[in-house]
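The structure appears right after this line, and notes come after that.
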There are 4 protein chains.
Amino acid sequence: MALTQKPARIRLGMVGGGRDAFIGAVHRIASRMDDHYELVAGAFSSTAEKSNASASDLGVTHDRAYSSFTAMAEAEALRADGIEAVSIVTPNHLHGAVATEFLKRGIHVICDKPLTSTLDDAKKLVKQAQQSSALFVLTHNYTGYPMVRQARQMISDGQLGEIRLVQAEYPQDWLSTNLEDTGQKQAGWRTDPARSGLGGCIGDIGTHAFNLSTFVSGLELDSLCADLDTFVPGRQLDDNAHIMLRYKGGAKGMIWSSQIAPGNENGLRLRVYGSTGGLEWKQEDPNYLWFTPLGEPKRLLTRSGSGALDAANDVSRIPAGHPEGYLEGFANLYTAAAHAINARKNGNEKEDTSLLPSVQDGLAGVAFVTAAVKSSENGSTWEQLDI
Amino acid sequence: MALTQKPARIRLGMVGGGRDAFIGAVHRIASRMDDHYELVAGAFSSTAEKSNASASDLGVTHDRAYSSFTAMAEAEALRADGIEAVSIVTPNHLHGAVATEFLKRGIHVICDKPLTSTLDDAKKLVKQAQQSSALFVLTHNYTGYPMVRQARQMISDGQLGEIRLVQAEYPQDWLSTNLEDTGQKQAGWRTDPARSGLGGCIGDIGTHAFNLSTFVSGLELDSLCADLDTFVPGRQLDDNAHIMLRYKGGAKGMIWSSQIAPGNENGLRLRVYGSTGGLEWKQEDPNYLWFTPLGEPKRLLTRSGSGALDAANDVSRIPAGHPEGYLEGFANLYTAAAHAINARKNGNEKEDTSLLPSVQDGLAGVAFVTAAVKSSENGSTWEQLDI
Amino acid sequence: MALTQKPARIRLGMVGGGRDAFIGAVHRIASRMDDHYELVAGAFSSTAEKSNASASDLGVTHDRAYSSFTAMAEAEALRADGIEAVSIVTPNHLHGAVATEFLKRGIHVICDKPLTSTLDDAKKLVKQAQQSSALFVLTHNYTGYPMVRQARQMISDGQLGEIRLVQAEYPQDWLSTNLEDTGQKQAGWRTDPARSGLGGCIGDIGTHAFNLSTFVSGLELDSLCADLDTFVPGRQLDDNAHIMLRYKGGAKGMIWSSQIAPGNENGLRLRVYGSTGGLEWKQEDPNYLWFTPLGEPKRLLTRSGSGALDAANDVSRIPAGHPEGYLEGFANLYTAAAHAINARKNGNEKEDTSLLPSVQDGLAGVAFVTAAVKSSENGSTWEQLDI
Amino acid sequence: MALTQKPARIRLGMVGGGRDAFIGAVHRIASRMDDHYELVAGAFSSTAEKSNASASDLGVTHDRAYSSFTAMAEAEALRADGIEAVSIVTPNHLHGAVATEFLKRGIHVICDKPLTSTLDDAKKLVKQAQQSSALFVLTHNYTGYPMVRQARQMISDGQLGEIRLVQAEYPQDWLSTNLEDTGQKQAGWRTDPARSGLGGCIGDIGTHAFNLSTFVSGLELDSLCADLDTFVPGRQLDDNAHIMLRYKGGAKGMIWSSQIAPGNENGLRLRVYGSTGGLEWKQEDPNYLWFTPLGEPKRLLTRSGSGALDAANDVSRIPAGHPEGYLEGFANLYTAAAHAINARKNGNEKEDTSLLPSVQDGLAGVAFVTAAVKSSENGSTWEQLDI
């Protein structure tokens, strides 16, 4: 009976994620799921009163509730019991500056996507991360779903033959009207170029579709050709994107991303076709993966079910038929980050982080947005990523 | 108790559709479904022996089994009991010449799609049809499905608000390998430029997706931007097409059409989104139509079920829950053609044929193929239809 | 090039099936689908005027429009061009008497289910059919679906191991209110003991579920235990049935049949489980069959797709992904009957009719209804079929 | 900006749930999800070494790792920082004795189902719980799913009219072979009468189906009529159960529960039909609820989507389209228990616990198993629950 003492919880801070925020709460649950983190500090808001209120909600003591991320980074770095990692869940335009403050102090960063609001910021942040001893993880959370891992492994194992097509789509409907004019916070910053950057829908969710396409297929993008639109009157950023893709090596793809498609809640869907088979996965029914080998009956693979590979089982918690969801997939990134952080603490730098979305993945995402906007403005030219 | 005598069956001939053909048998069943036609003559093959054999199979007397469509047109036009209508189910490149022979003799034409293999032929055929007293129907059969009619009516009634997006796809997998090199007849002519024309996959099924998009949405295409591929080595025509669409009035769309996507049998699917709602229909489950009004629960409309409109009920035969399929949808075109033909016989030229795919629709389809090929060859330029 | 002359169409008569009837029209389309029959006579109604009106609708000449099935049988039997087969689509209580008139004159009978309204009538009809040279076919049409045939074959081939469970259900909702009091004809006779017999819902659709269970599983019923209900006030016959089943050899099953389950249109569904695998089929999506071998990924078999057996392909008309439906499945019975009739004409009595629902199947169905009613009245005793 | 300090985490112990156990890990994640508990003690195994090993895995200090639940109850009750609540995740036969030890010391109990392995034990435990000041919660976790709460609320609000039918099923396949003979722990105790009690499948999962039926419908059972089977040779307890139900007031129902139905992972499914509408929910796709009002289009309600009621939204964490799963539903019970416990701490005994499965619900479940076994042994008699 081997005795392996569970490592102590990693001391975690958070920037952003105060009351009314959506993604902050997700990060907190994800950090708790497998019991690897303890939230002990936060700059939940730039208003002291609001940050304090959130701290009270969350059981964070008031001496560690900050209204400035810089102050937080400075103070926590000085404490013996200071945070070891920080979750960044602010609007996009702050990601770079916040991450930099922590990275330069050796505090690990778990940052929401997209990486930054500008390509320039993204490139700077890549350098900063490379110079830091700390880990940088970008929460492209959809890569954490077990059946996404299964798909990636099957493709890598050659079960689809040579990949020919990658069809991705990510339709939503919550911005079908000018919600941003009603004071809704989530809509407000996402449709504001100052806080979101060049891309609206394409930055918010198109980057997920792009990231997932490459994560699963193992392909690298060569170029894209885009047609972006803003359908809701008065909106400043795109709310619908049509993109054709050319991957290196000859595969092709499409991405449709939209926030104005009524009836679609969070419809991320990926289909990959190779010379000998196909795969299909839908985020809204994430425990299933269709595998369609050419000339054989269609097969519905289930999480933890027959045919599930280690790649999927390693990130599953419960048996087949007991559905896992969005929070579990998200938590898989936090848990992998915890393993990497603990490995470093133990002097083991070799922990494999290849499945964790990196700062380079983040740069690719921002470059994707930038190229799509450029292509669309130029009348749908083929553009390569500037990375 | 009104006594309305059922009209006599329309005497029907067929060109093409001999043994081993697929679509000829479909046309024959479709013509019988509602008892409006009697097949009495055919040039089922250009080989006399084969045409005779097919005639025997089909109960057509040998004196009316022809090996030349011209001979058939001439002979039948002279008979007192000659055919009143002809079904054309040959490879694409013959459609124009065959149709012309019958149209100029006042024999009604029911022709498979695409209209012709070249834009030039298509334009000539349009003129020929306009000069003829006979009816010309193109069997874009997917327009005959009840729930497609429902969708068209709902959009026309404004239930989706202003249309913003039309997403169409038509993936198949049967040409994932070089089936044409095995002697398979269906694959042979569809991948042969001499018989199919400029387009492979895009002509065979992409035209259906395009036709359905405009039929349902009521929109007119402004221009398209395409990226066509041939993935199977040695193949001469495209087997995969990615297309972005701009409709007049500002709506946008995409078409993905493929014959190399393993796991897809006949995956025609249409989604339309407007400012206040969405619709989704899949050909493989044709008795259902998703209607997703913005801000309300999703609704699954069923053929003949609650919420079905006259537009759908008029072309349904049996109650809800008793699935109708491809043949019934196809038959709806034949039956509508019969009504139009009988109306003309009775001197009533006013029979509404607006729901029947016309020669102009056929021209649009060929122009669509031509524009897509041109755009793709030019590196994905935006091209308008030459119609 | 073999020349096999298509046999002449079989001359068909119909009893019942006048205006407003549902199932008569279904039989007529089914008879035309594969071009084996010609409707030439009918007693479409017991009112001469109505029968004549239907004859006009259907292109039947008025000299062969009868208002008495006895007169029709007599007259047609005397004509040189008299009918060779008759379709019986009256309410249940007339099936026996009508069938007898034709059977005793050697005219083949294609009769709607259930066989009769009483067990006594059923037994008499079995004798009558056995004494007749004519064929008797009961249209348990759901056995005609290709994927039902596939399921039967797979079980017969041992792909499920030893059968343990047969779960059948057949919910509808159209009698959730007292529709019969509104003058609706279909509801009227189905809820009337004088015309339907002992069973309401259980006779109308429960018999289909029972028939399908044994057809697919190959099992024979040992006994049943039932609890029938009438939920709609004022109704005389059951509108909901719960039944537990014991098959010979130890397998068990359940049947739920209901006409008061809102949201269910025609929800016939069958699941069979053996020691090594399971199957699931739904009538409303009939082109699919789930096959779930124990310990392997679930497989979705499709009509004409990979994995489809001859048993299914033999009764399919068009390729995978082109959905067939209720009418095609129904037509498969008519076509098999035509083959048997033509074989007899040619002196070949050996034509295999084992897949055609027989008069014995009909007797089993009526015995099933009788046993269920008895069990329920006795407080859910286990009852065997009196056959 | 209101400041409400988050209550301190409730100190939690666990009995059972060592290495290789399934449900213990589920309880632990559920307790952490919303940050209301801290696991500080455990009798994870009756072997000291194993209990210690589990403690190490879980970060529980060794002084609070017990090998006897009695010792644990005694020791913890004496500590100033002793546990406030205990999770019981042992095999069924221990539930009663373990719960009693903690209840009598005023320690709140969160106990897995079924309540006990015998009806006698269950009745004793009810008394014990009634005499205790502590809370008793039975983890019928499926009641915690948001769309289950939605269904319950809709029925309670009268949206289905008068309830007529409750159809429940719970098929699995993991015991299709004699897994218990391979040494698999989960199979071992579940098929052992000494540890599970009278019921096998019916106790393990049939009780869930029964509990869910009454929770959602609001109905009370009058009597049941059962046919239980053991299909796997050598097995001592039932592995398949067919049950007909009569509810007080005239509604009827069925339950099918099985662990030998290949292809079914965890197929709990509930359908309820009333005079004016129906509902359908499947555990494996828990974020959806079909609502089918009679005479209107079918509606697919989604968690947090349009049409979601407070009853569902109150127990949802993230937006529509971001799937929640089994763990979140389970956690909803833990969180509600925490609210109740904290309310009691604050002297507020009025916290509404009506949605939390109670010891009485547990008694009903054991009585259900007992009645089903009795009915089946007596040849399917109608039996009432002995409660």
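What follows draws every value from the coordinates through simple rules; no lab data is involved. Since the model is a prediction, treat every value here as computed from it, not as a measurement. Heads up, the Cβs are rebuilt from the backbone with ideal geometry, glycines too, and the neighbour counts pull from every protein chain shown.
Miscellaneous remarks
- Under Karplus coefficients 6.51, -1.76 and 1.60, residue-wise ³J(HN,Hα) of the range B:291-307 in Hz, glycine/proline x: 10, 10, x, 4, x, 10, x, 4, 10, 9, 7, 10, 4, 6, x, 4, x
- For the range D:306-356, alpha-carbon Rg relative to the globular expectation (2.2 N^0.38 Å, N residues): 1.32
- Using a Gaussian network model of chain D in which every pair of alpha carbons under 10 angstrom is joined by a spring, one finds that among D:T214, D:T118, D:T90 the greatest mean-square fluctuation is at D:T214.
- Shortest-first distances to equivalent copies, position D:T4, nm, label 7 Å out along Cβ: 4.1, 6.7, 7.9
- For D:K252, the lysines whose Cα falls under 26 Å of its own Cα, not counting residues fewer than eight places away in the same chain, are C:K252, C:K282, C:K374, D:K113, D:K282, D:K298, D:K374.
- Over chain A: helical MRE at 222 nm, DSSP H runs n ≥ 4 each giving -39500 (n - 2.57), nearest 500: -10000 deg cm²/dmol
- Distances in nm from B:Q360 to the matching label points in the other copies, shortest first (labels 7 Å along Cα to Cβ): 5.7, 6.3, 7.3
- DSSP beta bridges fully contained in chain D are about 60 percent antiparallel.
- A straight line joining the Cα centroids of the range D:185-237 and the range A:212-242 runs 52 Å.
- A viscosity of 0.692 mPa s and a temperature of 37 °C, combined with the Kirkwood radius over C-alpha pairs in the Stokes-Einstein formula, give the range D:72-186 a diffusion coefficient of 191 µm²/s.
- Sorted largest first, extent of the range A:240-303 alpha carbons per principal axis (Å): 37, 31, 17
- With the simple spin-label model, which puts each label point 7 Å out from Cα in the Cβ direction, the A:K185 to B:N378 separation comes to 5.0 nm.
- Spatial separation of Cα centroids for the range C:31-88 and the range B:273-323, in angstrom: 37
- Zero-based 10 Å bins, Cα pair distances in the range D:241-387, whole percents: 9, 26, 34, 25, 6, 0
- FRET efficiency, 1/(1 + (r/R0)^6) with R0 25 Å, evaluated for C:S46 and C:Q360 via beta carbons: 0.25
- Distance from the C-alpha centroid of the range A:351-370 to that of the range A:126-180: 9 Å, rounded to the whole angstrom.
- Of all the options D:K248, D:K50, D:K350, the one that moves most in a Gaussian network model of chain D with Cα springs shorter than 10 angstrom is D:K350.
- Descending Cα extents along the principal axes, chain D, whole Å: 64, 62, 37
- For chain C, relative contact order (Cα pairs under 8 Å, six or more residues apart, normalised by length) works out to 19 percent.
- In terms of its Cα atoms, the range D:202-257 spans 41, 18, 12 Å along the principal axes, sorted from long to short.
- Highest-MSF residue in chain B out of B:D112, B:D157, B:D239 [GNM, Cα springs under 10 Å]: B:D157
- Site pair B:H62 and A:Q153 shows an inter-label distance of 6.7 nm when each label is modelled 7 Å from Cα along Cα→Cβ.
- Rg(Cα)/(2.2 N^0.38 Å) for the range A:129-250, N = residue count: 1.25
- When only Cα pairs below 8 angstrom with a gap of at least 6 residues are kept, the range B:199-241 shows a relative contact order of 49 percent.
- Residues whose amide H falls under 5 Å from that of C:T276, counting only those 5 or more places apart or on a different chain, are C:G161, C:E162, with hydrogens built in the peptide plane.
- Amide H to amide H distances under 5 Å link C:A43 with C:M14, C:V15, C:G16, C:Y66, where only residues 5 or more positions off or on other chains count and H is placed in the peptide plane.
- Ranked from shortest, the separations from the 7 Å Cα-to-Cβ label point of C:T182 to its equivalents in the other copies are 3.7, 5.3, 5.5 nm.
- Cut-off 13 Å between beta-carbons: net charge of the residues surrounding D:Q153, Lys and Arg +1, Asp and Glu -1: -1
- P(r), alpha carbons of the protein assembly as shown - 20 Å bins starting at zero, rounded %: 9, 33, 36, 18, 4, 0
- Oblate is the label for the range C:23-91. Its Cα gyration tensor axes, ordered a ≥ b ≥ c, give a/c of at least 1.5 and b/c at or above a/b.
- Long-range HN-HN contacts of B:G325 with modeled amide H, under 5 Å: C:G325
- Residues C:E74, C:E284, C:E349 in ascending order of nearby Cβ atoms (within 10 Å, fewest first): C:E349, C:E74, C:E284.
- Relative contact order, whole percent, for the range A:256-309 stands at 21, derived from Cα pairs under 8 Å and 6 or more residues apart.
- Across the range B:317-387, Cα-Cα distances exceeding 21 Å account for 54% of all pairs.
- Its residue count N sets the reference 2.2 N^0.38 Å, and the alpha-carbon radius of gyration of the range A:51-136 equals 1.09 times that reference.
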